[in-house]
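**Student:** Here you go, one structure.
The values are calculated or read from the model by the stated rules, or taken from the named source; none is laboratory data. Nothing here was measured: the structure is a model prediction, and the numbers come from that model. A quick note on method: Cβ atoms are made from the backbone with ideal geometry, for glycine too, and the neighbour counts reach across all protein chains shown. We work out accessible area using only protein heavy atoms, side chains counted, and drop any ligands, DNA or RNA first. Shrake-Rupley method; radii C 1.70, N 1.55, O 1.52, S 1.80 Å.
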Amino acid sequence: MMVDVFQGTRAYFPEVKSKIPFEGIESDSPLAFKFYDENKVIAGKTMKEHLRYSVCYWHTFCGAGADPFGPGTRQYPWDDSADPMVAAEHRMDAAFEFFTKLGVPYYCFHDRDLAPEGKSPVDSENRLMSLVARAKERQKETGVKLLWGTANLFSHPRYMNGASTNPDFNVVAHAASQVKSALDATIELGGENYVFWGGREGYASLLNTRTDIELDNMAKFLAAARDYGRANGFKGTFLIEPKPMEPMKHQYDFDAQTVTGFLRHHGLDKDFKLNIEANHATLASHTFAHELQMSADAGLLGSIDANRGNPQNGWDTDQFPTDIYDTTKAMMVVLGAGGFKTGGLNFDAKLRRESTDLEDMFIAHIGGMDAFARGLEVADYILNNTDYSARKAERYSTFMTEAGQAFRDGNMGLELLFEHAEGHGPVATTSGKQELLENLINQALIKA
Ligand code: XLS
Ligand code: CA
Ligand code: CA
């Protein structure tokens with residue numbers, strides 16, 4: 001039975017009276033989709049099935065706009081009780097009302113977003129599980145599902161030197177207790193993934209750090225989480241979310257290739273994949289598409305945290321994604337890799353501190369959902385209605401020859417390569433056609 005959040009006695013968003021509609025590009029309504037038509041079929045799947053949108057709990061319902069220079073600027077109507085457990089219940093009701101009115105199929109949370117920390121691991125777990133019971137009811141009523149859960153292993157002062165890589169074993173054990181409870185919560189709610197973002201897993205100074213011990217401990221910790229999850233019925237994907245810096249000077253999960261090497265080295269790549277965040281990619285001096293491509297090439301593209309950075313700021317601004325050129329390139333990689341399996345597009349994005357109306361929450365998500373929906377349409381057009389893929393294949397066609405294939409198979413040593421070079425004669429220059437392909441993408445953005 002679906003609960004009618006639109007008629008609820010306790011509506012937190014009374015101005016939004018119906019589910020945000022798709023009205024198409026002719027619409028001027030800020031509270032309507034221009035591109036995201038959830039039932040539109042593209043390459044055999046609906047937009048809803050391709051994009052698997054998710055709203056994040058932390059920025060959207062917990063963060064009121066605080067920055068290092070001042071407190072939050074938004075007043076949330078669900079922040080209305082001095083009892084943090086009661087406030088957490090109201091926040092949850094507001095969250096499910098928002099998910100339903102926006103029309104997203106998924107959400108994500110940290111343990112501490114749902115419920116405040118208790119006096120001990122057992123007390124914290126009890127608090128979390130009491131909110132999980134409420135979330136389970138709300139999921140059943142609304143049909144909204146959990147894309148992933150995670151544990152906040154970076155806010156509490158005990159984690160100032162890291163969680164699984166902390167120099168103090170007692171902190172590592174405390175972090176493990178939190179992961180155990182957060183995994184229990186994720187399993188109970190049918191979460192399709194479980195995320196590890198390395199928070200403060202890194203260091204500020206090599207002078208006081210044994211990187212060998214810390215990296216090894218991180219692997220042991222992840223393996224213990226994997227074993228616990230599998231033993232307790234978690235069938236989803238474990239995800240690592242790379243980020244190069246912030247809060248630490250150096251973070252161990254720097255980027256997709258670093259994490260891939262780490263997972264393979266420790267035999268974790270069967271259970272763990274990557275959760276790529278756009279803003280983290282740019283902080284690592286990569287593009288979003290690069291990080292997605294590196295993950296896809298390794299067979300480890302799991303999920304996406306959709307946002308963007310700011311070209312003028314060198315930090316994690318977590319802005320809502322609006323750049324269709326960027327979302328197109330991202331969706332080209334996602335479609336090329338066969339689409340999401342357990343992953344999806346989670347808006348790990350926050351309103352600007354100056355955006356203080358409750359309706360801004362809707363407007364921001366609508367913009368992000370439209371940007372990726374349009375990116376999906378254009379990416380599909382480029383891959384299936386232009387000569388883009390053929391041109392890329394042609395560029396590597398010499399590896400399809402007998403000799404090229406032998407080299408690819410590892411069957412051509414330096415002597416044979418020498419002979420080939422001698423027999424082949426001078427090599428012609430072949431244009432890379434970068435400008436032509438850049439123009440092709442621009443044309444597709446208009447035509448598709
Ligand atoms: C922070 C990360 C974080 C993870 C979840 O920069 O993006 O929000 O996604 O812990
Ligand atoms: Ca993130
Ligand atoms: Ca971020």
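**Student:** Assess whether ASN279 counts as being within 16 Å of ligand 1 (Cβ to nearest atom) and modelled with pLDDT under 95.
**Tutor:** Against the criterion (within 16 Å of ligand 1 (Cβ to nearest atom) and modelled with pLDDT under 95), ASN279 does not qualify.
**Student:** Can you pull out every residue in the stretch 384-398 that is more than 35 Å from the chain's Cα centre (by Cα) and either of a type in the set (D, E, K, R) or loosely packed, with under 13 Cβ neighbours inside 10 Å (or both)?
**Tutor:** Once the filter is applied, which keeps residues that are more than 35 Å from the chain's Cα centre (by Cα) and either of a type in the set (D, E, K, R) or loosely packed, with under 13 Cβ neighbours inside 10 Å (or both), the stretch 384-398 yields nothing.
**Student:** So, in the stretch 225-246, exactly how many residues are open to solvent by less than 60 Å² (accessible area, probe 1.4 Å), out of contact with any His (no Cβ under 8 Å at 6 or more places or on another chain) and not in a helix (DSSP H, G or I)?
**Tutor:** Total meeting the criteria: 7.
**Student:** Between residues in the stretch 50-64 that are without any contact (Cβ under 8 Å) to a residue 40 or more places away in the chain and residues that are away from ligand 1 (no atom under 12 Å from the Cβ), which pairs lie under 7 Å by C-beta distance while being six or more apart or on different chains?
**Tutor:** Note: pairs meeting the criteria are ALA64/GLY72; ALA64/THR73; ALA64/ARG74; ALA64/TYR76.
**Student:** Next up: Could you tell me which residue of the stretch 66-92 is nearest to ligand 2 (Cβ to nearest atom), considering only residues that are open to solvent by 20 Å² or more (accessible area, probe 1.4 Å) and in contact with a Phe, Trp or Tyr (Cβ under 7 Å, 6 or more places away or on another chain)?
**Tutor:** Checked the stretch 66-92; the qualifying residue nearest to ligand 2 (Cβ to nearest atom) is ARG91.
**Student:** Residue under question is GLU23, and the condition is that it be surrounded by fewer than 16 Cβ atoms within 10 Å (Cβ to Cβ) and in contact (Cβ under 8 Å) with a residue 60 or more places away in the chain; does it hold?
**Tutor:** no
**Student:** Would you point out the residue of the stretch 253-292, among those that are surrounded by 22 or more Cβ atoms within 10 Å (Cβ to Cβ) and of a type in the set (Ser, Thr, Tyr), that is nearest to ligand 3 (Cβ to nearest atom)?
**Tutor:** Top of the filtered list is THR282.
**Student:** Contact list please: Cβ distance under 8 Å, first residue in the stretch 300-319 and free of Cβ contacts under 8 Å to residues at least 12 places away in the same chain, second residue β-branched (Val, Ile, Thr) and part of a loop (DSSP other than H, G, I, E, B), pairs at least six apart or on different chains.
**Tutor:** Partner pairs satisfying both residue conditions: ASN310/THR317.
**Student:** Right, another one. Within the set of pairs 6 or more residues apart or between chains, which connect a residue that is within 18 Å of PHE407 (Cβ to Cβ) inside the stretch 419-430 to a residue that is open to solvent by less than 100 Å² (accessible area, probe 1.4 Å) and part of a helix (DSSP H, G or I) with Cβ atoms less than 8 Å apart?
**Tutor:** If the second residue must be open to solvent by less than 100 Å² (accessible area, probe 1.4 Å) and part of a helix (DSSP H, G or I), the pairs left are HIS420/ALA403.
**Student:** Quickly run through the stretch 275-294 and pick out the residues that are of a type outside the set (S, T, N, Q) and within 19 Å of HIS250 (Cα to Cα).
**Tutor:** To start, the set of residues in the stretch 275-294 that are of a type outside the set (S, T, N, Q) comprises 276-278, 280-281, 283-284, 286, 288-292, 294.
If the condition is that a residue be of a type outside the set (S, T, N, Q) and within 19 Å of HIS250 (Cα to Cα), then ILE276, GLU277, ALA278, HIS280, ALA281, LEU283, ALA284, HIS286, GLU291 are the ones that fit.
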